[in-house]
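Please treat every number below as a calculation from the coordinates, not as lab data. What you are looking at is a predicted structure, and each value in this text was computed from that prediction instead of being measured. When we count neighbours, we look across all protein chains shown, and the Cβ atoms used for this are built from the backbone with ideal geometry, even at glycine.
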Amino acid sequence: MRIGIAGIGAIGSSVAHALDRGEVFGWKLVAFSARSPERAAAFDATLNRSVPCVSFEELATKCDAVLECLPPHMFDAVALPVLSAGKTLLAMSASQLLGREDLVDLARRTGGRIVIPSGAMLGLDALKAVAVGEIYAVKIHTRKPPRSLATAPYVIRKGLNLENLAEAVCVLKGTVSEVAKEFPANVNVAAALSLAGLGPDRTQMEIWADPDLEFNTHTVDVESDSSNFSMSIQNRPSEENPATGRITSQSVIAFLRQTYAALRIGT
Ligand SMILES: NC(=O)C1=CN([C@@H]2O[C@H](COP(=O)(O)OP(=O)(O)OC[C@H]3O[C@@H](n4cnc5c(N)ncnc54)[C@H](O)[C@@H]3O)[C@@H](O)[C@H]2O)C=CC1
Ligand SMILES: O=C([O-])CC(=O)C(=O)O
């Protein structure tokens with residue numbers, strides 16, 4: 001299978017290197033997109049096998065699947081050509097899929113597919129299973145070091161000063177739909193959780209700034225007619241981007257590896 005990577009930041013570069021090292025059986029990296037020719041050349045030099053830097057439209061025509069790992073506002077620029085071409089979009093900017101039934105409809109019409117890998121979230125397997133029955137409630141509390149929230153639209157608009165906090169503060173609470181508008185780069189895991197379970201309008205969320213925290217931490221409570229469960233994850237930051245957990249790119253690699261695996265575990 002031919003894969004292309006849109007955006008070679010923390011997630012994209014790590015997945016590209018795993019593919020380049022031949023660590024993902026059955027998948028070949030055939031192209032990538034970068035923000036500038038200089039960045040592309042510097043990145044290509046880190047690969048054992050040179051790969052062309054192309055436009056998002058060319059990624060869509062050259063590849064069977066395209067991994068989107070761009071800044072959130074760039075999402076449509078790659079999602080639309082990939083889905084219009086009937087290809088598979090591996091979407092990391094999961095927050096950008098909230099309220100986007102139009103993209104799901106586009107995929108249905110063209111035979112394309114949208115996949116949100118588990119990324120930095122845990123337990124989506126159990127949530128999908130309980131969703132076969134009736135889910136009563138899903139709550140997620142995301143706690144982040146204040147610096148990870150400092151550039152969010154809400155923090156800037158309200159003029160919140162999150163520096164020198166003496167203790168953890170709840171910055172915003174509401175439904176995932178409400179919080180996503182204000183913290184687009186911080187709700188990918190909540191977006192994935194809500195899409196797998198009760199939907200963004202019924203999944204409750206709180207965002208906390210916690211000065212004592214080193215790792216992004218997500219705690220989830222689920223109640224349903226089959227199981228109640230609570231889960232928590234503390235994500236070590238990646239070297240390239242402290243806002244992105246190291247597990248995120250590993251989740252993509254694990255997802256790709258199961259394509260041809262003789263033994264597949266989990267939902
Ligand atoms: N689903 C999940 O669990 C998680 C999702 N994310 C999301 O995944 C996305 C990617 O995250 P990271 O890799 O950490 O971001 P990053 O900021 O490290 O990388 C983004 C890359 O896109 C490049 N870029 C910008 N404009 C471009 C253009 N026009 N053409 C090509 N490349 C361009 C940037 O130069 C950068 O290299 C973000 O939206 C982030 O919020 C992050 C962590 C977890
Ligand atoms: O925990 C992480 O690494 C990333 C995160 O909060 C998100 O994108 O929602």
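Give me the dipole magnitude in Debye, nearest 20, for the range 124-234 about the Cα centre, with unit charges on the beta carbon: positive for Lys and Arg, negative for Asp and Glu.
Approximately 380 debye in magnitude.
For the chain, the longest principal axis of the alpha carbon atoms and the long axis of helix 10-20 meet at an angle near 40°. Per residue, the convex hull spanned by the Cα atoms of the range 124-234 amounts to 85 cubic angstrom.
The mean sequence separation of alpha-carbon pairs under 8 Å and at least six residues apart, normalised by the residue count of the chain, gives a relative contact order of 20 percent. Lysine pair count for the chain (Cα-Cα distance under 29 Å; residues 8 or more apart in sequence or on different chains): 18.
All other residues whose Cβ lies under 13 angstrom from that of Val24 are scored, Lys and Arg at +1 and Asp and Glu at -1, for a net of +2.
If exposed GluC sites (Glu not before Pro) are those in a DSSP loop with at most 14 other Cβ within 10 Å, what is the longest stretch of the chain that has none?
Details: sites that count: Glu23, Glu134, Glu163, Glu167, Glu214, Glu239.
No qualifying site falls inside 24-133, the longest such stretch.
Summing charges over all other residues whose Cβ lies under 12 Å from the Cβ of Glu182, with Lys and Arg as +1 and Asp and Glu as -1, gives +3.
Rounded to the nearest 0.05, the FRET efficiency derived from the C-beta distance between Glu58 and Glu38 at R0 = 25 Å is 0.85. Both the radius of gyration and Dmax for the chain are 18.6, 54 Å, in that order, over alpha-carbon atoms.
Each of Gln234 and Ser84 was given a label point 7 Å from its Cα along the Cα-to-Cβ line. The distance between the two points is 4.7 nm.
Where does the chain land at 222 nm, in deg cm²/dmol rounded to the nearest 500, when only DSSP H runs of n ≥ 4 count, each adding -39500 (n - 2.57), divided by all residues? List each step's numbers first, then the result.
Numbers: 10 runs with 85 residues, N = 267.
Taken over the chain, the calculation gives -9000 deg cm²/dmol.
If I take every Cα pair under 8 Å that is 6 or more residues apart in the range 124-234, average their sequence separation and divide by the length, what percent do I get for the relative contact order?
Numbers: 212 pairs, mean separation 48.9, N = 111.
Answer for the range 124-234 is 44 percent.
Name the residue farthest towards the positive end of the dipole of the chain from the options Asn164, Ala40, Gly245, assuming +1 on Cβ of Lys and Arg, -1 on Cβ of Asp and Glu, about the Cα centre. Final value for the positive-end residue is Ala40. Between Lys139 and Asn48, the simple spin-label model (points 7 angstrom out along Cα→Cβ) gives 4.9 nm.
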